[in-house]
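First comes the structure, then the notes that go with it.
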Amino acid sequence: MELALLGHGFRYECENLCRLFFPYSPVRVVEGDPLAGGAGVLTEIAETDGGWQYTVKAVWEGRAAAHSETHAALEEYSLTDLLYRTLRELTGITPAWGMLTGIHPVKLLRQYCEELGDAAGMEKFRSRCHVSKDKADLAYRTLRAQRPVVSAMRPRDFCLYVGIPFCPSRCSYCSFVSQSVAQARKLMEPYFALLLEEIARTAEITASLGLTLSGVYIGGGTPTTLTAEQLSALCGAIRQGFDFSRCTEFTVEAGRPDTIDLEKLTALRAAGVTRVSINPQSLSDEVLRAIGRRHTAQAVLDAFALARQAGFTQINCDLIVGLPRDTLAGFRHSLDGVIALGAENVTVHSLALKRSANLITEGGDLSLHARREEVSAMMEYSIARLTETGYQPYYLYRQSRTAGNLENTGWAKPGTVCAYNIHSTDEELTVIACGAGGVTKLKDPSGDTLTRIFNFKYPYEYISRHEELLARKQGIAAFYRDVCKL
Ligand code: SF4
């Protein structure tokens, strides 16, 4: 899809809007006339007497749409709004999230509600951004569920994230930097030793600043690729280094049932872990095979039972809508299955296919992208079913290149919200990350400043450049001293 930008520099939003309607046609910004090639978009702003003329023309699969409007001011919104309406007419597609291309719709809604009050904020969210009523309602319910957590934050609070970037095998839709254990076995030991060192150094920094730990999240990858001894040592190092007096939650992703046994779960429980995530993604063996998960649906049920046996009273289950070979009936079966298990938290993701996923690089089954309506029906079913069975949506974010341009939503039974998930998507509280691929996000509690410190992505870089990585951690102290004046 060729895109021309004439008389303006609003490239980023125009590109994103084109991707919203043509997610699998790479957008190429061109100088000449893009309409001649049979699939292109031309955007133009020209100054006129006392105003600005906005023009959008688009052609695609033999169809054409064009609109032109005059506005008093030169502004991005007037152009992107016109572009959105033109592409909607051209394609016949009405995205449920309207023209929102960002990943944090609830954050935007919160901003509008704080400015205008809830009713007018919702009205602005819907009309300005073309968000459907159903999605606006979902965002608003999520916002309301978050309010008690957000208002309980204190200026020195932070969450700790620890990354274990190893998995037993690679799922075909995965774009994370996770490496399979078979590939990276020799890296695991040195990685683990250096991770403990990074945790200890990070704990010294946060203690010297008087920061208070409010939650811990060990994610990945699949942390339960570690042995029971390693899991005990990891949790022990975190407990020893940080002050847990205000820490109310401690989550470990035990995502793949093929990595879970009673010994590991018992070790986690004994180390004070309060929540685990056991992720079926689907309860259909055919779908699990199609996505490269080397376990059965029964293995998920068994792992869940083991977690209960080990004493866990807060268990999350992830599901994905839009998986290859899945159907609406199959998804209903999966969702009803995790509800029947009694999972306290259910997270419903939309399949997002990044370029690095095996499904893309190995030319896998992409027919799911033609199944926009079926995928939307799965998502609608999840919202209705989780609502009627007593779950509330409490965090929500979007990713690019998702099937049906939908969302990922975390649902919780009353009293079981995982605050870390809110903070990590909302970016209103500092999250300090340790481990490969971790991103520390430092948030000024009394302003808008958000500063990121990146750890190296890959385990081999994490190991070979560890001193450099530890030096970067000094940025935490500099941030609190120079920006927050704490
Ligand atoms: S378990 Fe998660 S991180 Fe690991 S390969 Fe599968 S999708 Fe990727």
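Of all lysines in the structure, the ones whose alpha carbon falls short of 20 Å from that of Lys457, not counting any fewer than 8 places away in one chain, are Lys186, Lys354, Lys441, Lys473. Residue exposure proxy: His295, His423, ordered by other Cβ atoms within 10 angstrom of their Cβ from fewest to most, comes out as His295, His423. In order along segment 234-242, the phi-based Karplus estimate (6.51 cos²θ - 1.76 cosθ + 1.60, θ = phi - 60°) of 3J(HN,Hα) comes to 5, 5, x, 5, 5, 5, 6, x, 9 Hz; Gly and Pro are listed as x. When each of the peptides 434-441, 465-472 is scored by how many other beta carbons lie within 10 Å of its residues on average, the order from highest to lowest is 434-441, 465-472. Derived value for segment 1-57: Kirkwood hydrodynamic radius 11.8 Å. Basis is the mean of 1/r over every pair of different alpha-carbon atoms. Between helix 118-129 and the chain there is an angle of about 60 degrees, using the helix long axis and the longest principal axis of the Cα atoms. Ranking Pro190, Trp97, Tyr420 by Cα position along the charge dipole of the chain, where only Lys, Arg, Asp and Glu carry charges on their C-beta atoms, puts Pro190 farthest toward the positive end. Taking the square roots of 5 times each eigenvalue of the Cα gyration tensor of the chain, largest first, gives ellipsoid semi-axes of 39, 27, 23 Å.
If you restrict to DSSP beta bridges whose two residues both lie in the chain, what percentage is antiparallel, to the nearest 5? Write out the running numbers ahead of the final one.
Details: 34 of 73 bridges.
Of all bridge pairs located within the chain, approximately 45 percent are antiparallel.
Centre-to-centre separation between the Cα atoms of segment 173-227 and those of segment 152-172: 8 Å. Take every DSSP beta bridge whose two residues both sit in segment 2-91; close to 70 percent of them are antiparallel. Listed by chain and number, the lysines whose alpha-carbon sits under 25 Å from that of Lys413, ignoring those within fewer than 8 places in the same chain, are Lys107, Lys133, Lys135.
Shown for the chain: cysteine residues without a partner Cβ closer than 4.7 Å, namely Cys14, Cys18, Cys113, Cys129, Cys159, Cys167, Cys235, Cys247, Cys317, Cys418, Cys434, Cys484. The charge dipole of the chain, taken about the Cα centre with unit charges on the Cβ atoms of Lys, Arg (+1) and Asp, Glu (-1), comes to about 900 debye, rounded to the nearest 20. Put a dot 7 Å past the Cα of Thr387, heading toward its Cβ, do the same for Glu61, and the two dots end up 3.1 nm apart.
Only the coordinates and a few stated rules stand behind these numbers; no lab work does. Note that the coordinates shown come from a computational prediction; the quantities given were computed from them, not determined experimentally. Glycine also receives a Cβ, built like all others from the backbone with ideal geometry; neighbour counts cover every protein chain displayed.
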